[in-house]
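Have a look at the structure below before the remarks.
The values are calculated or read from the model by the stated rules, or taken from the named source; none is laboratory data. Quick caveat, the model's predicted, so the values are computed rather than measured. For neighbour counting, all protein chains shown are included, and Cβ atoms are generated from backbone atoms with ideal geometry for every residue, glycine included. The accessibility values were calculated without ligands, DNA or RNA, using every heavy atom of the protein model including side chains. Shrake-Rupley method; radii C 1.70, N 1.55, O 1.52, S 1.80 Å.
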Amino acid sequence: IRAYALCIIAGIIVALWIGQKRYAARGGEREIVLDAAIVAVPTGIIGGRLYHVMTDYDKYFCSTCDPVDALKITNGGLGIWGAVTLGTLAVAVMMRVKKLPFAPLADAAAPGIILAQAIGRLGNWFNQELYGRPTSVPWGLEIYNRVDDAGKVAPMTGHSTGEVLAVVHPTFLYEMLWNLLICAVLLWVDRRFRMDRGRLFALYVVGYTLGRFWIELMRSDAATLILGLRVNTIVSAV
């Protein structure tokens with residue numbers, strides 16, 4: 001069982017608990033949040049995979065690539081943008097079918113969603129991925145050489161040889177801390193100004209993408225570029 005999966009599952013459970021509590025406080029039925037999760041989780045995974053395949057299409061559609069690999073979700077590759085977009089649209093349709101307003105549910109769920117994203121980012125630490133450029137700061141992350149039982153390089157599934165390959169910016173940690181900050185801001189703003197009509201959910205999108213914009217500028221891993229910019233940087237700005 002992959003540690004990354006456990007982090008994502010933990011995030012989903014926390015988001016459900018917070019969402020139920022907040023939605024009930026808005027006069028909604030707690031069971032609706034569970035219904036939304038049943039719809040949002042699978043469609044979110046599909047959306048996240050679609051976004052990844054679209055933005056990294058050269059990994060799946062080239063002369064030496066096997067397009068079937070695009071379906072192999074266990075090999076890694078999910079984009080939060082696609083997950084939130086398709087998951088949100090699916091839940092909006094569900095609420096329309098139930099003849100219930102969508103905005104109160106979205107506002108209730110927003111803090112829990114970004115908290116779940118923060119918890120999920122811990123998985124990147126286990127995988128030694130999504131880090132930034134080399135650095136000498138005291139909190140720099142040591143990236144170790146990992147190999148399998150045959151001695152072949154295996155960054156995610158192998159064991160450490162003790163050899164430090166690089167000391168880098170832990171950009172996934174920066175995003176995790178940013179997400180925790182935005183979660184706190186959302187809770188404070190909602191209590192202070194009583195946000196409604198989807199405005200708190202909109203603030204979640206704005207807050208998350210603001211942080212993701214500058215964090216993307218610090219990353220050094222391979223990514224699809226458009227006009228010299230990482231595609232996630234452009235999406236964040238949009």
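Quick look at the numbers
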item	result
Within the accessible area of the range 79-188 (1.4 Å probe), percent carbon and sulfur	69
Cβ-isolated cysteines (cut-off 4.7 Å), the chain	CYS7, CYS183
Amide H contacts of ARG219 (H built 1.01 Å from N, under 5 Å, at least 5 apart or other chain)	none
Counted charge near TYR57, where neighbours are those whose Cβ lies closer than 13 Å (Asp, Glu -1; Lys, Arg +1)	-1
Under 21 Å from LYS98, Cα to Cα: lysines that are on another chain or at least 8 residues apart	LYS21
Environment charge of LYS72, counting only residues whose C-beta is closer than 10 Å and scoring Lys/Arg +1, Asp/Glu -1	-1
Highest-MSF residue in the chain out of LYS59, LYS21, LYS152 [GNM, Cα springs under 10 Å]	LYS152
Residues whose placed amide H lies under 5 Å from that of THR224, excluding near-sequence neighbours	VAL231
Student exercise, the chain dipole from Lys, Arg, Asp, Glu Cβ charges, in Debye to nearest 20	1000
Degrees between helix 199-216 axis and first principal axis of the chain (Cα, 0 to 90, nearest 10)	10
